[in-house]
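*Asks:* Structure below; questions to follow.
The values are calculated or read from the model by the stated rules, or taken from the named source; none is laboratory data. Treat the numbers as computed from the prediction; the structure is a model and nothing was measured. A quick note on method: Cβ atoms are made from the backbone with ideal geometry, for glycine too, and the neighbour counts reach across all protein chains shown. Surface areas here come from the heavy atoms of the whole protein model, side chains and all, with no ligands, DNA or RNA. Shrake-Rupley method; radii C 1.70, N 1.55, O 1.52, S 1.80 Å.
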4 protein chains.
Amino acid sequence: MSGPLSVYQALKAGAADSWDGYVAHPFVRQLASGALPEACFRHYLGQDYLFLLHYSRAWALAVVKSQEIADLRQAAATVDLLLNHELALHVKYCEGWGLSEADLVRLPEADANRLYTRFVMDAGLSGDLLDLLVALIPCSLGYAEIGRRLADDPATRLDGNPYRDWIELYAGREFQEGAALCSQQLERVAEARGLSGNFVANPRWPHLLKLFETACRLEIGFWDMGLSAT
Amino acid sequence: MSGPLSVYQALKAGAADSWDGYVAHPFVRQLASGALPEACFRHYLGQDYLFLLHYSRAWALAVVKSQEIADLRQAAATVDLLLNHELALHVKYCEGWGLSEADLVRLPEADANRLYTRFVMDAGLSGDLLDLLVALIPCSLGYAEIGRRLADDPATRLDGNPYRDWIELYAGREFQEGAALCSQQLERVAEARGLSGNFVANPRWPHLLKLFETACRLEIGFWDMGLSAT
Amino acid sequence: MSGPLSVYQALKAGAADSWDGYVAHPFVRQLASGALPEACFRHYLGQDYLFLLHYSRAWALAVVKSQEIADLRQAAATVDLLLNHELALHVKYCEGWGLSEADLVRLPEADANRLYTRFVMDAGLSGDLLDLLVALIPCSLGYAEIGRRLADDPATRLDGNPYRDWIELYAGREFQEGAALCSQQLERVAEARGLSGNFVANPRWPHLLKLFETACRLEIGFWDMGLSAT
Amino acid sequence: MSGPLSVYQALKAGAADSWDGYVAHPFVRQLASGALPEACFRHYLGQDYLFLLHYSRAWALAVVKSQEIADLRQAAATVDLLLNHELALHVKYCEGWGLSEADLVRLPEADANRLYTRFVMDAGLSGDLLDLLVALIPCSLGYAEIGRRLADDPATRLDGNPYRDWIELYAGREFQEGAALCSQQLERVAEARGLSGNFVANPRWPHLLKLFETACRLEIGFWDMGLSAT
């Protein structure tokens, strides 16, 4: 790649081990091959429903913390996408796996799940919109990257793969476009908060990188939780 | 009226002077007759744009503070309605009055405006979802009530009234339905937070009533600000 | 005991398994006998330093959320006690175990630690002062109860016990008095937020009990983390 | 002055009109000469008591938002100073003017007062610690500057001035030292958040300057409120 790195690229480069451990996790590889045990996927799905509720709250905190109209609108659109569209898809999808929303609501929240979303909320409460976005994007942008990778990888099996819908959701245009807007927002907010030019030299960088790296590690913990259900 | 009062009715009854001073303010009566000076309306419109931005942030805080899925969804739908639909209408409407969004963004926020929205935000930060909703509803439900009153009042002049669109917006079905959902949410959250039965005897009641009464007073201050533009 | 239960007693009774698992954890019993491996204690001590920082932030959130002067003062006194007195004691105590504050600050925060404090913060952000206090007290009141139990238990070995100072700190008058004030605050705030009389019938009770029970479970996770250091 | 400006100096220079209007307000000049009507001072005193409560909450939010131990400690010390020391002095001082704490608590909060503190809280909620500190310092540092100016000004009358205690409180060593620490914190946090070197070119600067300027204007509104009591 030529030219300077974007903030997102620099975060991924700075937390490469955690990032790779997340987007190329065995859970993801087993989704791609279709070999993932159904019990693992169902455990993941149920927890992901609970995750989505708190993750939406964290995006709503991004609305609260927006000082520019473009950020207000972008964050509000994300909250709406998550709570009023994706959640409905998620519920419908879970029904296909025999999990009703009434079942989902009653599930106990796993610690690996609670840890992740509450960490993101606190990144927002203690910091500014940039701190919050950096903790939010490993999920938003990471799932888009996972979807794209799986769709592009000739080793991915789609025919007869019980997880084909999942792959196609995150590789699909709507999710990819949402991620692209989110990625642009990150760069715009970073610049507005003074992180332009040689931003890795900015005194905020180590903290931002740690937020990103921690969120990636907590994504790994989330996949691990899924695999542990067997 | 027979039967016990709803929380909303009891709040209006308990803060009757402020409520009446708000919904029957001279600004409103002059809107109804068409006699309101254009300078007042334009000043109001511009500040209302800025209000809408911060009021949306306060509804986003209601998403952050929701502990039940119904509340998450309802609050998120309100944020989306405000920021992604009403704001667009507002901008388009302002254009009709010769105010571009670029103009609106540059307006200095009036103190009466800032006071109101920051008070609501802090009601939410310091309290729970019920405290926040009680500070939010004088605007959401009050504008619906003003719209309905004006539409029902034979004294209201619609023909040739330059403010006819404004009246019809708030009297219209979409806004009225949004207000009805918001009203149901208030009663549901009040009950979930322990305010059922003889709720005016609940130790929280005086504080809730004060939040409601203060928000009504700040609405009066907002209309006063509009009138002061002549 | 005759007479109605206090809120604190009812919470302990409602979450008896988690409460007992916390206050009578093997880590605590090994502290009492002196048999706890030093590596476990040192690991615990270092994480407890990091815990104290975030736990103080959560008590500061209680200041932010106080609507009564008595609560403002009590919460502020607790923040001051934690950050300006206990932290200094903790640092001095750690030095006696060969851990300088510079070492402590550099420690990576364990997930069991992060999970606990961020959960408490979010209980406060999403709820009111009562929700927050209920999530805070398992630590404040639980450590007081552990200290008192150990001091009262003839099986506790003080002579030659390397952890004697720890036991005496939490059994000591200053900590016990702080806990008593905190306990009174809980009952006062519960009443002010409408939880009096038959409070277990209050619609808020299940959520409050779940907050308390979760915090107790996370205390167990904290002790487990300590023991895992061997 | 030689050498680069501190952040504090640059803020004062950038908002010179508002700053001067605040620190050299007629209310202050009449305090210095002793000519201030007692009714004005008493009105100010009562509102200042209510201000102190919410201003302390805003400093507690600074504890919540601290990411460095030095900031945690400094903010917590300020909360303690305000709520557990200054508030007591304030109450005692008010008693000397015939206002008991029971009277003070019952006072209705003036809008000019509510506007100011809620604006500061929201600056913190929507921003980071630096945004919050910039909104907090016009009060902390401004009162110190007013105290020092009055003490240094030969035109200030101390003998027989009924407001002598007030002047000596803010000119006194304890308050001046607190302000010095607060000033150091501002510079340290600004640097940690990337505002070093040519900081007025930082994209954050216009927003920070606006926060500072607004807080100064709201201080002017507070003095105006005092004078309006005649």
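*Asks:* Filter the helices (runs of 4 or more DSSP H) completely within segment A:112-230 down to those with at least 1 residues that are buried (at least 17 other Cβ atoms within 10 Å of the Cβ) and among the polar types (S, T, N, Q).
*Replies:* Output list reads A:129-152, A:173-192, A:205-227.
*Asks:* Regarding residue D:32, is this residue out of contact with any Lys or Arg (no Cβ under 9 Å at 6 or more places or on another chain) and hydrophobic (A, V, I, L, M, F, W, C)?
*Replies:* no
*Asks:* Looking only at segment C:26-36, decide whether some residue is under 24 Å from residue C:149 (Cβ atoms), in contact with a Gly (Cβ under 8 Å, 6 or more places away or on another chain) and of a type in the set (Ser, Thr, Tyr).
*Replies:* No.
*Asks:* Next up: Considering only segment C:13-22, state which residues are touching a helix residue (DSSP H, G or I) at 6+ places or on another chain (Cβ under 7 Å) and either surrounded by fewer than 22 Cβ atoms within 10 Å (Cβ to Cβ) or at positive phi (or both). Step through it out loud before you land on a result.
*Replies:* Kept after step one, since they are touching a helix residue (DSSP H, G or I) at 6+ places or on another chain (Cβ under 7 Å), are these residues of segment C:13-22: C:14-15, C:18-19, C:21-22.
C:14, C:18, C:21 - these are the residues of segment C:13-22 that are touching a helix residue (DSSP H, G or I) at 6+ places or on another chain (Cβ under 7 Å) and either surrounded by fewer than 22 Cβ atoms within 10 Å (Cβ to Cβ) or at positive phi (or both).
*Asks:* Taking the options A:151, A:180, A:229, name whichever one is closer than 30 Å to residue C:110 by Cβ and among the aliphatic types (A, V, I, L, M).
*Replies:* Numbers: A:151 fails: closer than 30 Å to residue C:110 by Cβ; A:180 fails: closer than 30 Å to residue C:110 by Cβ.
None of the others qualify; the one that does is A:229.
*Asks:* Residues being touching a Cys at 6+ places or on another chain (Cβ under 9 Å) and buried (at least 18 other Cβ atoms within 10 Å of the Cβ): count how many of those fall in segment C:28-44.
*Replies:* Going through segment C:28-44 one residue at a time, the tally reaches 1.
*Asks:* Shifting gears a bit: Identify, please: which residue in segment D:45-80 is in a helix (DSSP H, G or I) and basic (Lys, Arg) and is, among those, least open to solvent (accessible area, probe 1.4 Å)?
*Replies:* D:57
*Asks:* Only one residue in D:208, D:158, D:186, D:125 is closer than 21 Å to residue D:41 by Cα and modelled with pLDDT of 95 or more. Which one?
*Replies:* D:158
*Asks:* Which one of the conditions (1) small (Gly, Ala, Ser); (2) in contact (Cβ under 8 Å) with a residue 24 or more places away in the chain; (3) part of a helix (DSSP H, G or I) does residue B:102 fail to meet, given that it meets all the rest?
*Replies:* Every listed condition holds for residue B:102 apart from (2).
*Asks:* Now a separate question. Tally up the residues in segment A:69-95 that are more than 9 Å from chain B (Cβ to nearest Cβ) and touching a Leu at 6+ places or on another chain (Cβ under 9 Å), please.
*Replies:* First, the residues of segment A:69-95 that are more than 9 Å from chain B (Cβ to nearest Cβ): A:70-71, A:74, A:78, A:81, A:85-86, A:88-95.
Okay, now just the ones that are also touching a Leu at 6+ places or on another chain (Cβ under 9 Å), so A:71, A:74, A:78, A:86, A:89-91, A:93-94.
Total meeting the criteria: 9.
*Asks:* Residue A:35 is checked against (1) within 24 Å of residue C:124 (Cα to Cα); (2) more than 14 Å from every other protein chain (Cβ to nearest Cβ); (3) not in a helix (DSSP H, G or I) and fails just one. What number does that condition carry?
*Replies:* Residue A:35 satisfies every listed condition except (1).
*Asks:* So, in segment B:132-149, exactly how many residues are touching a residue at least 40 places away in the same chain (Cβ under 8 Å) and among the small types (Gly, Ala, Ser)?
*Replies:* So the answer is 3.
*Asks:* Ok, one more. Of everything in segment A:135-170, what is among the polar types (S, T, N, Q) and farther than 19 Å from residue A:212 by Cβ? Give them in sequence order.
*Replies:* Listed by number, the residues that qualify are A:156, A:161.
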